[in-house]
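The structure appears right after this line, and notes come after that.
The values are calculated or read from the model by the stated rules, or taken from the named source; none is laboratory data. Note that the structure is predicted; figures quoted are calculated from it, not measured. We place every Cβ from the backbone using ideal geometry, glycine too, and count neighbours over all the protein chains shown.
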Amino acid sequence: MKISEKLKEMGIMLPSKKPGGVYKPVVQVGRELYVSGQGCAVGGKPAFQGKVGAECTLEDGKTAARICAINALGALADYLGDIDKVDCIVKTLAFVNSTPDFSQQHLVANGCSEFLRDLFGEEKGVGARSAIGVAQLPGNIPVEIEFVFEAKV
Amino acid sequence: MKISEKLKEMGIMLPSKKPGGVYKPVVQVGRELYVSGQGCAVGGKPAFQGKVGAECTLEDGKTAARICAINALGALADYLGDIDKVDCIVKTLAFVNSTPDFSQQHLVANGCSEFLRDLFGEEKGVGARSAIGVAQLPGNIPVEIEFVFEAKV
Amino acid sequence: MKISEKLKEMGIMLPSKKPGGVYKPVVQVGRELYVSGQGCAVGGKPAFQGKVGAECTLEDGKTAARICAINALGALADYLGDIDKVDCIVKTLAFVNSTPDFSQQHLVANGCSEFLRDLFGEEKGVGARSAIGVAQLPGNIPVEIEFVFEAKV
């Protein structure tokens, strides 16, 4: 099944968004698609704010990470004109706005990784990954994730 | 206008620097130029020290981010022998030494991004970007930025 | 001398590990090998826990960073079937779980960089690098490092 069809089946509409600063949402080099750090905005407003371990729970963080992935796909669909031109995920780097004691950044990142795996399948939807706890993020969001995808030939 | 001429017009001399540790300032793979994390040193000393939100203001951070970009171009000129061999910026990852409450890392990063845009132009000078708040940086500098540029064929 | 022989000479056995989450340890694009963020586990347990500057000393951090590098080589050997298929290191991004005051992340990262330099030699064993202080890491480990290596043709 095509990614676009699977998204429809999941009831997910990809958002379209103008960059809010001096950057491009996606830059392509060869087949590699570098996607700028994505936050958890829905309809122009952050779905969550605050640190995981304080204002946000682990579950909030996982949900925020899933939204980051959906926003990344939205940026790719805008750039490529068609989400079905994406072949696979290469890597993700997940930044979790963490209290000094919260140490389950990998479980937060799973919110993004499980979604991409369910959408693209085990082979093409699971990439390399790092997950770290950061001191703060723009707009006090709980999660920001940057991605490298690969385009189909 | 060539980048080297535009830099002269802007009154900017690119610095030449030996790496201060076990790393190479630039590594090339194909046309991609990976630039090591650059700090805000000027003439061998950090232009700013401390966290943005405490010892450093947003404006200090923006200025420091601009210096990081100039230091990156210095490293590229050393590596390539000629800054005009750089074609465009691919991506930046901006680390802002932040208090737990400072959440305008994207505005700090603009100090770097606006400079590169003004120098290379909107098409080639704006790349993908992530900006995050970190707990500390080497030497207590307020900003460190790593870059991927692309070389001309 | 081959890398596999040099490792034997150094008395280092590369570990084999299943990924502990929804990610692949290594993803290859062309000749580039993206290695997921590696921690300092030895035999399934973290060799160190806590922040550098508090529970962990600089020396602990350096040792942890060296273990991250060994774990990365283990992941590469699993993926490629033979560690001698690795040509060189391209870049590392070192995340150091830091107190707000610890500012020697570059020296912690040297624990990884010096090991790779000693193993692969100055030309192929030294890459681009960034080192930053983060607020926390998965499992409260002191160091996590992500890598890009290059495979032989």
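Would you check if there is a residue in region C:51-63 being of a type in the set (A, V, I, L, M, F, W, C), more than 9 Å from chain B (Cβ to nearest Cβ) and assigned to a helix (DSSP H, G or I)?
Step one: list which residues in region C:51-63 are of a type in the set (A, V, I, L, M, F, W, C), which gives C:52, C:54, C:56, C:58.
With more than 9 Å from chain B (Cβ to nearest Cβ) added as a condition, the list becomes C:52, C:54, C:56, C:58.
If we keep only those that are assigned to a helix (DSSP H, G or I) too, we end up with C:58.
Yes: region C:51-63 contains one or more residues that are of a type in the set (A, V, I, L, M, F, W, C), more than 9 Å from chain B (Cβ to nearest Cβ) and assigned to a helix (DSSP H, G or I).
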Per the filter on region A:104-133, residues in contact with a helix residue (DSSP H, G or I) (Cβ under 9 Å, 6 or more places away or on another chain), buried (at least 24 other Cβ atoms within 10 Å of the Cβ) and not in a helix (DSSP H, G or I) are A:Gly127, A:Arg129, A:Ser130, A:Ala131, A:Ile132, A:Gly133
If we ask which residues in region B:72-103 are assigned to a helix (DSSP H, G or I) and closer than 27 Å to A:Phe147 by Cβ, their number turns out to be 4
Could you tell me whether any residue of region A:37-48 is over 23 Å from B:Glu150 (Cα atoms), in contact (Cβ under 8 Å) with a residue 60 or more places away in the chain and more than 17 Å from the chain's Cα centre (by Cα)?
no
Select from region A:87-111 the residues that are more than 9 Å from every other protein chain (Cβ to nearest Cβ) and within 13 Å of the chain's Cα centre (by Cα) and list them in ascending order.
A:Ala94, A:Val108, A:Gly111
Consider A:Arg66 against the criteria (1) outside any helix (DSSP H, G or I); (2) at pLDDT 95 or above; (3) basic (Lys, Arg): it satisfies all of them except one. Which criterion is unmet?
(1)
Yes or no: B:Leu80 crowded, with 22+ Cβ neighbours inside 10 Å, in contact with a Leu (Cβ under 9 Å, 6 or more places away or on another chain) and within 30 Å of C:Phe115 (Cα to Cα)?
no
Looking at region B:131-150, can you tell me whether even one residue there is under 13 Å from the mean Cα position of the chain (by Cα), farther than 15 Å from B:Leu73 by Cα, more than 10 Å from every other protein chain (Cβ to nearest Cβ) and not hydrophobic (A, V, I, L, M, F, W, C)?
yes
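Filter region B:64-75 for residues that are under 21 Å from B:Ser130 (Cβ atoms) and more than 14 Å from every other protein chain (Cβ to nearest Cβ) and give the result. It would help to see each step written out before you state the result.
Going residue by residue through region B:64-75, those that are under 21 Å from B:Ser130 (Cβ atoms) are B:64-73, B:75.
B:Ala64, B:Ile67, B:Ile70, B:Leu73, listed by residue number.
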If you take the residues of region A:115-130 that are touching a residue at least 12 places away in the same chain (Cβ under 8 Å) and at the interface with another protein chain (Cβ under 7 Å from one of its Cβ atoms), which of them is farthest from C:Ser98 (Cα to Cα)?
A:Val126
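Specify which of the listed residues (B:Ile12, B:Ile83, B:Ile67) is more than 30 Å from C:Arg66 (Cβ to Cβ), under 11 Å from the mean Cα position of the chain (by Cα) and of a type outside the set (Asp, Glu). Walk me through how you get there before you give the answer.
Working: B:Ile12 fails: under 11 Å from the mean Cα position of the chain (by Cα); B:Ile83 fails: under 11 Å from the mean Cα position of the chain (by Cα).
Only one candidate qualifies: B:Ile67.
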Which condition from (1) within 30 Å of A:Thr99 (Cβ to Cβ); (2) buried (at least 21 other Cβ atoms within 10 Å of the Cβ) is the one that B:Tyr23 breaks?
(1)
What are the pairs, 6+ residues apart or on separate chains, where a residue within region C:1-15 that is assigned to a loop (DSSP other than H, G, I, E, B) has its Cβ under 8 Å from a residue that is among the polar types (S, T, N, Q) and surrounded by 10 or more Cβ atoms within 10 Å (Cβ to Cβ)?
C:Pro15/C:Asn71
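Confirm whether C:Gly74 is surrounded by fewer than 18 Cβ atoms within 10 Å (Cβ to Cβ), under 24 Å from C:Lys18 (Cα atoms) and not hydrophobic (A, V, I, L, M, F, W, C). Spell out how you get there, then give the answer.
On the way: surrounded by fewer than 18 Cβ atoms within 10 Å (Cβ to Cβ): no; under 24 Å from C:Lys18 (Cα atoms): yes; not hydrophobic (A, V, I, L, M, F, W, C): yes.
The answer is no for C:Gly74.
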From the options C:Asp78, C:Asp84, residue that is away from chain A (no Cβ under 14 Å), among the acidic types (Asp, Glu), touching a residue at least 60 places away in the same chain (Cβ under 8 Å) and more than 30 Å from B:Thr99 (Cβ to Cβ)
C:Asp84
Residue count, region C:30-50 (criterion: farther than 22 Å from A:Ala109 by Cα and either within 14 Å of chain A (Cβ to nearest Cβ) or surrounded by 15 or more Cβ atoms within 10 Å (Cβ to Cβ) (or both))
5
Which numbered condition A:Val27 fails, given (1) within 10 Å of chain B (Cβ to nearest Cβ); (2) part of a loop (DSSP other than H, G, I, E, B)
(2)
Looking at (1) surrounded by 20 or more Cβ atoms within 10 Å (Cβ to Cβ); (2) out of contact with any Leu (no Cβ under 7 Å at 6 or more places or on another chain); (3) touching a residue at least 60 places away in the same chain (Cβ under 8 Å), find the lone condition where B:Glu146 falls short.
(2)
Among the listed residues C:Gly44, C:Gly50, C:Gly11, identify the single one that is of a type outside the set (S, T, N, Q) and at pLDDT below 95.
C:Gly44
Conditions first: (1) over 21 Å from A:Lys2 (Cβ atoms); (2) surrounded by fewer than 24 Cβ atoms within 10 Å (Cβ to Cβ); (3) out of contact with any Lys or Arg (no Cβ under 6 Å at 6 or more places or on another chain); (4) not aliphatic (A, V, I, L, M). A:Phe95 passes all but one, so which condition is the exception?
(2)
